[in-house]
Amino acid sequence: MTTVGVLLRQRALVLYLASRVPTLFAVQIQTVSVGAQVYALTHNPLDLGLVGLSQFLPFLACVLPAGQLADRYNRRLIIAICLCLEFLCSLALVLFTVRGLHSAWPIFMVMIPFGMARAVMSPAAQAIVPNLVPREQFASAVGLNSSLWQFTTIMGPALGGYLYAGFGPAVAYGITAVLMLCGLLAALAMTSPPQERLTGSSTLRSVGEGLAFVWRRRPVLGAISLDLFAVLFGGAVALLPAYASDVLHVGPEGLGWLRAAPGVGAAAMGAILTVRPIRSRAGFAMFGGVAIFGVATIVFGVSHSFALSVCALALLGAADMVSVFVRHLLVQLETPDAMRGRVGAVSSMFIGASNELGEFESGLTASWWGLAPAVVIGGAMTLVVVVVWVALFPALRRLDRFAEH
């Protein structure tokens, strides 16, 4: 039986994926629609950054306590509650759009509870995966999970662009709400897997134990922080609505394909990693992936060709998939089950900062310097980060095999 066939015999994993895939589709459709709608309302790249900031600030406030929740309480139930809140946020976007929007602020306000839900769900969603499959199948499960995630980043943005252009944002948000509801129902159908739980009273010290654990594990700290700064500076994806409109002149449909391109490359790499996971020279693979990510960002920044831009974004996504794979395996396999929620919260805080704060940084620098200079300088800074991290984290550079090997 094939590797994927063995994984799909795990009922708990199948239901988890049945919850995750429609939810990720919904997020991708909503992301494209929100970006296009905000830029259509204001024509200001800074507002694209504010979309990210409105999610990042509540995310930052909630994510560390969320890690303790994931270690103390039923992770499946936490996921279900957060999906319910995301469903309500999608309904709010439908309502605001139908009533008519004359500014972007109502959208920013909806993104705040949406960011809170993502913050609380992320540690639980990460920590539950090792409990769903035998340990020897975990690396392949990560590859399958990542491949499906990237599949949604291929089809989701393209579908979002098509729905926005053909039917308007209200229909796009309505479909987002339906997909969120499907994910919620699948999560409710799951059986809660065995879980080692945090005992004792809730204290500030127990919240901070995740940070202390990551600080002591230098390869884990290096991997998480490398991804933080690389994506923080290389956040070209946040500016895609402006690129599609003002540089490439391709409209909402073209924006959907631009948003999908990183997922094409990442899904192809994820499929390879499902069948042939990285077993050796993991540190070298991670640094190499981030360096290629920076180079691809620079190519995208200077491109005025739609085809070249799509290819650069696809390469960017494939390179990012390698670093995501290494980081995820490091975090999960180096961490005891009773601490996975809190350590996952630290990882989510770093990754959330790199994504949402990176969107704000990209929007801010684009408003200062223009679109192309902001993207090119960001890609160059990513390469600088790689060089600095090679020197700062020799343990990560020398990392060969993961813990289970």
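No lab work stands behind these numbers, since they all come straight from the coordinates. Given the structure is predicted, the values throughout are model-derived calculations rather than measurements. Reconstructed Cβ throughout: ideal geometry from the backbone, glycine too, with neighbour counts over all protein chains shown.
For segment 253-310, trypsin sites (Lys or Arg not before Pro) are listed when DSSP marks them as loop and at most 16 other Cβ atoms sit within 10 Å of their Cβ; the list is ARG279, ARG281. With both labels modelled 7 Å from their Cα along Cα-to-Cβ, the GLN137 to ARG397 distance reads 3.9 nm. Rounded to 0.05, the FRET efficiency of the PHE284 and TYR73 pair, given R0 = 35 Å and the Cβ-Cβ distance, is 0.35. Shape verdict for segment 1-104, please, from the Cα gyration tensor: rounded (a/c under 1.5), prolate (a/b greater than b/c) or oblate. Since a/c reaches 1.5 and a/b is larger than b/c, the shape of segment 1-104 is classed as prolate. With a Förster radius of 35 Å applied to the C-beta separation of ASN44 and VAL390, the computed FRET efficiency comes to 0.40. Of all alpha-carbon pairs in segment 53-153, indicate the percentage at a distance above 23 angstrom. That tail contains 40 percent of the Cα-Cα pairs.
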